[in-house]
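A.B. asks: I am attaching a structure below and will ask some questions about it afterwards.
The values are calculated or read from the model by the stated rules, or taken from the named source; none is laboratory data. Everything numeric here is computed off the predicted structure, so don't read it as measured data. Methodologically, a virtual Cβ is constructed for each residue, glycine included, from the backbone with ideal geometry; neighbour enumeration extends over all protein chains shown. Surface accessibility is based on the protein's heavy atoms, side chains included, excluding ligands, DNA and RNA. Shrake-Rupley method; radii C 1.70, N 1.55, O 1.52, S 1.80 Å.
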Amino acid sequence: MATALPAALRTKGTCCVIQDRPSERRADATAGLFRALADPTRVAIVSILRDAKDPVCICDLVATFELSQPTVSHHMARLREAGLVESIRSGIWAFYRLRRDLPAPARRVIDAIP
């Protein structure tokens, strides 16, 4: 929240007092979330995982996006590093789902994806 200063108290470059600056840790976490979602393919993958009733096999994502398996794995690694998805291994296959313990702000961003 910012509070405007009366004109008589303003100095060059200071129009208001910022009272609630986000912590650096919170700002870094939020930026990481947006970096992970800055790619259209990753946004689409998150949307698919959000709407899926069960974990999704990486082979289905490869077929859906007509991308190579290494490319899809790269996207999944970025989403995993951002803390958005988790994987479940079954034999040679990896199944993905959104993390169940997503922070509320991340959940709101994901729920806002059309």
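A.B. asks: How many residues are crowded, with 17+ Cβ neighbours inside 10 Å and part of a strand (DSSP E or B) when one looks only at segment 96-110?
C.D. replies: The total comes to 2.
A.B. asks: Filter segment 78-95 for residues that are more than 19 Å from Ala52 (Cα to Cα) and part of a helix (DSSP H, G or I); which is least open to solvent (accessible area, probe 1.4 Å)? Before the answer, list the steps.
C.D. replies: So the first thing to find is which residues in segment 78-95 are more than 19 Å from Ala52 (Cα to Cα), and the list is 78, 81-82, 91-92.
If we keep only those that are part of a helix (DSSP H, G or I) as well, we get 78, 81.
On the way: Arg78: 83, Glu81: 145 Å².
The qualifying residue least open to solvent (accessible area, probe 1.4 Å) is Arg78.
A.B. asks: From the list Ala112, Ala52, which one is modelled with pLDDT of 95 or more, farther than 25 Å from Asp28 by Cα and not basic (Lys, Arg)? Show your work before the answer.
C.D. replies: Working: Ala112 fails: farther than 25 Å from Asp28 by Cα.
The conditions single out Ala52.
A.B. asks: If a residue must be within 12 Å of Ser90 (Cβ to Cβ), assigned to a helix (DSSP H, G or I) and open to solvent by less than 40 Å² (accessible area, probe 1.4 Å), how many such residues does segment 45-64 contain?
C.D. replies: Residues flagged as within 12 Å of Ser90 (Cβ to Cβ), assigned to a helix (DSSP H, G or I) and open to solvent by less than 40 Å² (accessible area, probe 1.4 Å) within segment 45-64 amount to 1.
A.B. asks: Restricting to segment 78-112, what's the tally of residues that are in contact with a helix residue (DSSP H, G or I) (Cβ under 8 Å, 6 or more places away or on another chain) and either at positive phi or β-branched (Val, Ile, Thr) (or both)?
C.D. replies: 4
A.B. asks: Give all pairs with beta carbons closer than 8 Å in which a residue from segment 24-42 that is in contact (Cβ under 8 Å) with a residue 40 or more places away in the chain and β-branched (Val, Ile, Thr) meets a residue that is assigned to a loop (DSSP other than H, G, I, E, B) and surrounded by 10 or more Cβ atoms within 10 Å (Cβ to Cβ); count only pairs at least 6 apart in sequence or on separate chains.
C.D. replies: From segment 24-42, the pairs are Thr30/Pro22.
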